[in-house]
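Single-structure report; data block below.
The values are calculated or read from the model by the stated rules, or taken from the named source; none is laboratory data. Everything numeric here is computed off the predicted structure, so don't read it as measured data. Glycine gets a Cβ as well: all are built from the backbone with ideal geometry, and neighbour counts include every protein chain shown. The protein model used for the area step is the full one, side chains on, heavy atoms only, and it has no ligands, DNA or RNA in it. Shrake-Rupley method; radii C 1.70, N 1.55, O 1.52, S 1.80 Å.
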Amino acid sequence: MSEFDVKICCMGAGYVGGPTMAVIAKMCPKVRVCVVDISQRQIDAWNSSSLPIYEPGLPEVVAECVGRNLFFSTDIETEIQNADIIFISVNTPTKTQGIGAGRAANIKNCELCARKIAEVATCDKIVVEKSTVPVRTAQAVNRVLACNDKGLKFQVLSNPEFLAEGTAIPDLLEPDRVLIGGQQSEEGLAAIEKLVSVYANWIPREKILTTNLWSSELSKLVANAFLAQRVSSINSISALCEATGADVSEISRAVGMDDRIGKRFLQSSVGFGGSCFQKDILNLVYLCETFGLDECAAYWNQVIQMNDYQKKRFSEKMVSKMFNTVTGKKLTIFGYAFKKDTGDVRETPAMFVVRDLIQENAIIHVYDPQVSREDMWTEMSYTCGVNKDNTPRLEESVITSDDPYAACDGSHAIAIMTEWDEFKDYDYNKIYASMAKPAFIFDGRNILDHVKLREIGFEVHAIGKPDPTAFDDL
């Protein structure tokens, strides 16, 4: 008799699969969990003390469970055959060419997983979509699985993730809700209940929501679209604040105290980034277009346009305030990750600002406590098409530093691009003394004490904050 009640295989060892499976293993000692991936390098990292992703609390969870009921492997076929439940947790990037390029999600990896399952499985399985996918992707997965030549039956469920990078572990340990969608047949409902029983080891039943497949798939896109919409909404107001003398922080507080609105995601910034918001909204736009809902598509596309405008507005303000030229000037970028407590640089606003400053021939020094130079360049090339092959002197124009004070030495300006807590604790008197004058700070996250910085001597410009030199009646 097996020592485990349930055996889970997760295909994909990335930002979602790794942390999610680690927490399931931690909270379900009678469940065997194995995360598989085709990348030996990725699996080796998970089996080492240097995990492939940075997430507070994750190393402790992995260390507690690995080798006990949590495993990482490249033996995909064996783990599929042994599993009762198989999670598909692979990347679904926005298509870069072909039909729907720039908007539609590419579900090639999901289909490849389904084909591998159909090829090697030797008994009936429950297959769970964990990746964020377009609505009705499960139909395609189900058709591929049904084409197996062994007479096997598969139940496909949707179980979207709602974790946020930087807080993934607490989000997984105490989620607002867990959503599971499946076919409303006897077999489908039984599969739903099987997955519910796993989560019920630590999550109250009232927080485990069950729906049909299509509601579950669409809910993830809608949730991210609503959150991004709030960010773009307050960012649009930040531009109006700068023009009128209003303070966006005061407006966010006043608006957020209305319990019909709430205060979450009303912090104005240089823009949202990460792997989810932009990709999921573009996916939603494409779905609306596909079904002929052009007005709906235009509505959601405006969220993306506002985000692009906010990033461009920030870099243009940097240039305009610095006497309309940054050519040859050393500029310091504090933070490159798309948010604090993660090393993820996908769609990070910092990348777009750096791209704009490169085009202005600035000399850029980047400091981020978690982002590697390799990851920075990989994303810059993939998303912005900027690399050393097509951009002369790129390596000399963008320097990465391990020391924030060295990054500021001789700099004309500092741009706060990520809200890392440590940025608030630096000795800005020391930094000011080392910088070229006038010394500028552009706070893209509104995390610094602007009054104190101005007392030191900095010229400070911040998102949605009135410039005291432009108004005499603040």
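Computed over protein heavy atoms with a 1.4 Å probe, the accessible surface of the chain works out to 45 Å² per residue. For the chain, averaging the sequence separation of C-alpha pairs within contact (under 8 Å, six or more residues apart) and dividing by the residue count gives a relative contact order of 12 percent.
Using just its DSSP H runs of length 4 or more, each adding -39500 (n - 2.57), the chain gives a mean residue ellipticity at 222 nm of -13000 deg cm²/dmol after division by all residues. Other residues with beta-carbon under 11 Å from the beta-carbon of residue 353 carry, at +1 per Lys or Arg and -1 per Asp or Glu, a net charge of +2.
Count charges around residue 190 for me, please; just the other residues with Cβ under 15 Å from its Cβ, Lys/Arg as +1, Asp/Glu as -1. Don't skip to the answer; put the middle values down first.
Values: positive: 125, 153, 194; negative: 84, 124, 186, 187, 193.
After counting each charged neighbour, the total is -2.
Across region 405-474, the relative contact order, built from alpha-carbon pairs under 8 Å that are at least six residues apart, equals 31 percent. Spin-label model, residue 436 to residue 41: label points 7 Å out along the Cα-to-beta-carbon direction sit 3.7 nm apart.
When you count the other C-beta atoms within 10 angstrom of each residue and take the mean per peptide, 387-399, 58-70 line up highest first as 58-70, 387-399.
Distance between the C-alpha centers of region 69-95 and region 122-140? Whole Å please. Distance between centres, Cα-based: 12 Å. Per residue, the convex hull spanned by the Cα atoms of region 174-286 measures out at 136 cubic angstrom. Does a label point 7 Å from the Cα of residue 197, set along Cα-to-beta-carbon, have any residues of region 62-85 with amide nitrogen under 15 Å, and which are they? 84-85, by backbone N distance to the label point.
Give me the number: length gained by fully extending residue 450 to residue 359, i.e. 0.36 nm times residue separation minus the C-alpha to C-alpha distance, one decimal in nm. Write down the numbers at each step before the final one.
On the way: separation 91, 0.36 × 91 = 32.76 nm, distance 2.87 nm.
Between residue 450 and residue 359, full extension yields an extra 29.9 nm.
Peptide packing for 460-471, 436-447, 83-94 was compared via the average number of neighbouring C-beta atoms within 10 Å per residue; ordered from the highest value, the list is 83-94, 436-447, 460-471.
Local charge sum around residue 471 (other residues, Cβ-Cβ under 12 Å, Lys/Arg +1, Asp/Glu -1)? Cβ neighbours under 12 Å give a net charge of -4.
Once neighbouring chains are kept in place and the probe is 1.4 Å, which whole percent of the accessible area of the chain is contributed by carbon and sulfur?
Details: 10830 of 21310 Å².
Exposed carbon and sulfur together represent 51 percent of the surface.
FRET efficiency for the pair residue 236 and residue 176, taken as 1/(1 + (r/R0)^6) with r the Cβ-Cβ distance and R0 = 30 Å, rounds to 0.65.
Pull out the extension gain between residue 399 and residue 387, defined as 0.36 nm times the separation in residues minus the alpha carbon to alpha carbon distance; nm, one decimal.
That pair, residue 399 and residue 387, stretches by 2.9 nm at full extension.
Note on residue 421 and residue 5: the model spin-label points, each 7 Å out from Cα along the C-beta direction, lie 3.6 nm apart. Entry note, region 259-345: relative contact order of 30 percent, from Cα contacts under 8 Å with a spacing of 6+ residues.
Between helix 213-244 and the chain there is an angle of about 10 degrees, using the helix long axis and the longest principal axis of the Cα atoms. Sorted on the mean count of surrounding Cβ atoms within 10 Å across their residues, most packed first, peptides 168-179, 317-328 read 168-179, 317-328.
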